[in-house]
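Notes to accompany the following structure.
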Amino acid sequence: MTRTYRWALSITALAVVLVLISPIFWLVSSSLKSPAEMASFPPTWWPSAPRFENYTEAVNSVNFLGAARNSLTIAFISTTLTTLSSAWVGFGFARLTAPGKKQLFVVLLATMMLPGIVTLVPTYLIFAKLHLVNTYWPWVAWGLGGSAFLIFLFRQFFAGIPREMEEAAIVDGCGYVGIFWRIFLPQSWPVIAASVILSFTHAWGDFVGPAMFLNQDSTTLAVAMATGYVNDKGLPMNNLVAAGAVLYVLPVLVLFMVMQRRFVSGFATSGIKG
């Protein structure tokens, strides 16, 4: 590799990094601007006097802590149930035998091509008939239903575990439930980490579901922020929106930083042949 090639590769990588981090920089910069600087043209890249009080106003302008608690509750319910149900179904597809299993697995994968917005109205009508609107039970039902992609991820991982371990457990008198809990699940921490990240991010960032199924008192932080940062004329206060957005993404960033190594290795397992 020549020096010119290395320099070109480094410059290209730096340019890509700058492009990727520029939205984050602009978000943080906007969160520290005054309303006048937000409306100025040409735009200012960095505020002349950073307004850190924007973060305090962002928390106090809406029921930030209460909505954040609701978001964490929904994210915890959805993440826990989705991960466990997806792991159990993935184990069944990987290690159990039944008529039509391959065809059912193909149908499961085909559901990933169906946009969620298509099923939203029928889902709302079903939950309304069952009197589950304005409760967290829809997220319990969705969590128990699992995720097609995560089922595929767990199935690929479990299919790569040697069959001898399973046979030895059966000889010792362990059933398939015990094999799943005692042998397979403890070895699947990379996939569990990927599942936790994806499930938490989806539930934490969901706007449409809480807006449809929850009232204003029990809604999530995404909905509260979308409707709460307005002035007395009904116009959005974009500097507070940016400050709230910075606080909003922190839990996801912290979770990803804690579990990033296992998260990346979990994605690598999706290429294992079953």
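Just a few scattered comments:
- Between 0 and 90°, nearest 10: helix 189-205 axis offset from the chain longest Cα axis: 40 degrees
- Positive dipole terminus of segment 115-221, leading residue within 181, 130, 203 (C-beta point charges): 130
- Per residue solvent-accessible surface (Å²) - segment 37-133, probe of 1.4 Å: 63 Å²
- Within the same chain, aspartates and glutamates fewer than 8 places from residue 33 are excluded, and of the rest, those with a Cα less than 18 Å from its Cα are 53, 57.
- Segment 87-226, relative contact order in percent, only Cα pairs under 8 angstrom and at least six apart counted: 33 percent
- Residue 11-residue 65 FRET efficiency (beta carbon distance; Förster radius 45 Å; 0.05 resolution): 0.50
- Ranked by how many other beta carbons lie within 10 Å on average, peptides 31-40, 69-78, 162-171, 195-204 from highest: 195-204, 69-78, 31-40, 162-171
- Taking the C-alpha atoms only, the angle from helix 101-110 to the longest principal axis of the chain is near 10 degrees.
- Taking the C-alpha atoms only, the angle from helix 120-129 to the longest principal axis of the chain is near 80 degrees.
- Hull-based mean projected area of segment 48-147, where the convex hull spans the alpha carbons, in square nanometres: 10.7 nm²
- Where (i) 1.05; (ii) 1.26; (iii) 1.22 are the candidate values, the label of the one calculated here for Cα Rg over 2.2 N^0.38 Å is (ii).
- Value of relative contact order over the chain, rounded to a whole percent, pairs C-alpha under 8 Å and six or more apart: 32 percent
- Element breakdown for segment 16-102 at a 1.4 angstrom probe: carbon and sulfur atoms account for 74% of the accessible area.
- Using C-alpha pairs below 8 Å separated by at least 6 residues, the relative contact order for segment 84-169 is 62 percent.
- The order of the peptides 139-149, 42-52, 184-194 by mean Cβ neighbours within 10 Å, most packed first, is 184-194, 139-149, 42-52.
- Solvent-accessible area assigned to carbon and sulfur over segment 119-253 amounts to 67 percent, based on a 1.4 Å probe.
- Among 21, 151, 161, residue whose mean-square fluctuation peaks in a GNM of the chain (springs only between Cα atoms under 10 Å): 21
The values are calculated or read from the model by the stated rules, or taken from the named source; none is laboratory data. Only a predicted model underlies this, so the values are computations on that prediction, with no experimental measurement involved. Cβ coordinates were reconstructed from backbone atoms using ideal geometry, including for glycine residues, and neighbour counts include every protein chain displayed. Calculation scope for accessible area: heavy atoms of the full protein, side chains included, ligands and nucleic acids excluded. Shrake-Rupley method; radii C 1.70, N 1.55, O 1.52, S 1.80 Å.
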